[in-house]
Structures are given as C-alpha cells and as structure tokens.
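What follows is a short report on a single structure.
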Protein chains: 2
Amino acid sequence: MTTTYHNPVEATLSVIGGKWKVVILCLLKETDTMRFSDLQRAIPDITKKMLSQQLRELEADHIIHRTVYDEMPPRVEYSLTSEGETMRPMLNAMCAWGSRKMGQQAECE
Amino acid sequence: MTTTYHNPVEATLSVIGGKWKVVILCLLKETDTMRFSDLQRAIPDITKKMLSQQLRELEADHIIHRTVYDEMPPRVEYSLTSEGETMRPMLNAMCAWGSRKMGQQAECE
DNA sequence: CTGAATCCTTAGGGATACTG
DNA sequence: CAGTATCCCTAAGGATTCAG
C-alpha cells in the first residue's frame, strides 16, 4: 500500500498517530526496556487490548523491538529499535513542550 | 475541568492530538499566515467541517490566532500565537523525522 | 504474565445542503 | 469566501472472557 503524503509530517503521524503511541514511546525512551505489565502500570488508563494493539503496530513499523523470554510466567520486554532511537529528538521536544505547559499550569502529577 | 496527566507528553497530546492539528500547525509555521481556503487547498483530504473544527480547538487552546476582516467576500486569516510559536522546535522535529523517513522510502509527493 | 477473541457502544468524522 | 447545520455510518476503542 503506497500512501501519498502532501506534507512530510503526515509520514510522522502515520507512525505515531495512534492514541497512546507517543506516551508509550516517551516511556521507552526513558526506561530503555519495559515489560508489558510495566507499561500497563505506567499508563493506568489504557486497556490491555489497546496496549497490545499499539505495541504491535509500533513493532510492525520497526519502531520498537519485542523480546519474548520463554519462561513461566511469561516475560516480554519492549525497547526502542535503532529506528525508534531516531525519534528521540522529536520525543524529547514533545515532552519538553508538555513540561513547559505543565509548569505554567502546575497541574501535573 | 482539571485533567490529571501521568506523563508530561500527555499535556502536549491534549493540544495537538487532533487528527489534523499537527498538519495545520506545520503549515502555519512555514507560511506565517494562511486563509481558510489556503489551508483547505494545502490539505486536500480535509473537509470544511473538520478544518473549522480543528481550527476552533486550536484557537481555544491559544495556539493560533484568528483574524477576521470585515470585507466582501469574507476573509479570515490564521497564524500562530506566541504560545503557538513555542511549538516550533517540536514541530520542526516532527517534520524532520517525517522527511527523513520519506527520504528513505522516496514515497512523498 | 501476556496476551487473543468476542461483543458492543459511541462518538469521530464523511457527505451534503444551507447561510451571511 | 468562510463557515454552520444535519444526517448518517463506520470503525475506534471499552468491557469482558478465554488461553498458553
């Protein structure tokens, strides 16, 4: 499927446009590697379904890497790929803007 | 309404999370001031309804400024506010990442 | 623990027509 | 030109259950 974009930023949005993707990526950029349950705990409002769905899409776009450990109980870890690492400046900028805004409003916790 | 965020970036998403907002903002950051019809032409896939809706939300968040000229035919111009200007680094980073990706895939036009 | 599968609801968003 | 107003419908996403 070849999608035609009229603006470069649309390519960005096609990858990080999902409702929770940026939140997930911002967590991964700080913690390096997180388990499924770690992400769930860090994003209380997300459902399992949404989380796994967003993760699979990010994986399909080669932004995150999924490592399965064949243990009992199961363990799966997620981390940024090298492609995902290239997002760091962008993710930092997005976090920075939010922090600035929060600083103004003092409404973050 | 006080919304509680668990991550600073959620504050960012609450402002630019709309489907077309980042596209609109990226256009405004480059062209400085655009009319409604300019935006429509630059974003062929957006409907009037969506465009005006997204614009109104951005205006409510004090990100863009709306100037109405009492002429016939009507003219309305949109531009970034000073608050919107603080988004420039972030918007540039988002465009840059998309451009990089497009460069790899050579699928932009 | 890490999901997949199913069902179900709602609201995001498209098409169209109308207005100052 | 720059929007509203309606109608309408799909698909995003929530709740719940099942499974390896």
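Nm distances between the label at A:Val76 and the same-position labels in the remaining copies, 7 Å along Cα→Cβ, shortest first?
Those separations, rounded to one decimal, come out as 4.6 nm.
I'd like the Karplus ³J(HN,Hα) series for the stretch B:21-26: coefficients 6.51, -1.76, 1.60, θ = phi - 60°, whole numbers in Hz, and an x wherever there's a Gly or Pro.
4, 5, 4, 4, 5, 5
Averaged over its residues, how many other protein chain Cβ atoms are within 10 Å of peptide A:85-94's Cβ atoms?
Values: counts 0, 4, 3, 2, 7, 10, 5, 4, 10, 12.
Per residue, the average neighbour count from other chains is 6.
Using the structure shown, list the pairs from A:Lys21/A:Lys49; A:Lys19/B:Lys49; A:Lys21/B:Lys101 with a Cα-Cα distance above 20 Å, or answer none. Intermediate values should be presented prior to the final figure.
Numbers: A:Lys21/A:Lys49 13 Å; A:Lys19/B:Lys49 22 Å; A:Lys21/B:Lys101 17 Å.
Pairs exceeding the cut-off: A:Lys19/B:Lys49.
Per DSSP helix of 4 or more residues, -39500 (n - 2.57); summed, then divided by the residues of chain A. What does that give at 222 nm, rounded to the nearest 500?
On the way: 6 runs with 62 residues, N = 109.
Calculated mean residue ellipticity at 222 nm is -17000 deg cm²/dmol.
As a test of the definition: with a 1.4 Å probe, what buried accessible area, both sides summed, do you compute for A against B, in Å² to the nearest 100? Intermediate results must be reported in sequence, preceding the final value.
Details: alone 7530 and 7560 Å², together 11660 Å².
In total, chains A and B hide about 3400 Å² from solvent.
Through the Karplus equation 6.51 cos²θ - 1.76 cosθ + 1.60, θ set to phi - 60°, convert the phi angles of the stretch A:88-103 into ³J(HN,Hα) values in whole Hz; use x for Gly and Pro.
Whole-Hz 3J(HN,Hα) from phi for the stretch A:88-103: 3, x, 5, 4, 4, 4, 5, 5, 4, 5, x, 4, 4, 5, 4, x.
State in Å² the accessible area per residue of chain A; use a 1.4 Å probe, count heavy atoms of protein chains only, and round to the nearest integer.
Per residue, chain A has an accessible area of 53 Å².
Give the average, rounded to an integer, of partner chain Cβ atoms located within 10 angstrom of each Cβ in B:39-50.
Values: counts 0, 0, 0, 2, 3, 1, 3, 0, 0, 0, 0, 0.
The mean count of partner-chain Cβ atoms within 10 Å per residue comes to 1.
Normalise the Debye intensity by I(0) for the protein assembly as shown, one equal point scatterer per Cα, no solvent, then take log10 at q = 0.08, 0.13, 0.18 Å⁻¹ and round to two decimals.
Debye curve over Cα of the protein assembly as shown, log10 I(q)/I(0) at q = 0.08, 0.13, 0.18 Å⁻¹: -0.32, -0.79, -1.36.
Once you compute Rg and the Kirkwood Rh from C-alpha atoms, what is the Rg to Rh ratio for the stretch B:1-103?
Details: Rg = 14.4 Å, Rh = 14.6 Å.
My calculation of the ratio gives 0.99.
Excluding A:Met34 itself, what net charge comes from residues whose Cβ is under 12 Å from its Cβ, given Lys and Arg +1 and Asp and Glu -1? Walk me through the numbers before you get to the answer.
Working: positive: A:Lys29, A:Arg35, A:Arg41, A:Arg66, A:Arg75; negative: A:Glu30, A:Asp32, A:Asp38, A:Glu77.
Summing Lys and Arg as +1 and Asp and Glu as -1 gives +1.
Projected onto the charge dipole of the protein assembly as shown (+1 at Lys/Arg Cβ, -1 at Asp/Glu Cβ, origin at the Cα centre), which of A:Leu58, B:Ser52, A:Leu80 gives the Cα projection farthest towards the positive end?
Looking along the dipole axis, the top candidate is B:Ser52.
Per residue of B:12-19, how many C-beta atoms from partner chains lie within 10 Å of its own C-beta, taken as a mean?
Numbers: counts 13, 9, 2, 3, 5, 3, 0, 2.
Per residue, the average neighbour count from other chains is 5.
Using modelled amide H (1.01 Å from N, peptide plane; none on Pro or chain starts), what sits under 5 Å from the amide H of B:Arg35, excluding residues fewer than 5 places away?
B:Tyr78
What is chain A's relative contact order, in percent, from Cα pairs under 8 angstrom and six or more apart in sequence?
Working: 82 pairs, mean separation 27.8, N = 109.
Computed over chain A, the figure is 25 percent.
The values are calculated or read from the model by the stated rules, or taken from the named source; none is laboratory data. Treat the numbers as computed from the prediction; the structure is a model and nothing was measured. When we count neighbours, we look across all protein chains shown, and the Cβ atoms used for this are built from the backbone with ideal geometry, even at glycine. These area figures cover heavy atoms from the full protein model, side chains too; ligands, DNA and RNA do not enter into them. Shrake-Rupley method; radii C 1.70, N 1.55, O 1.52, S 1.80 Å.
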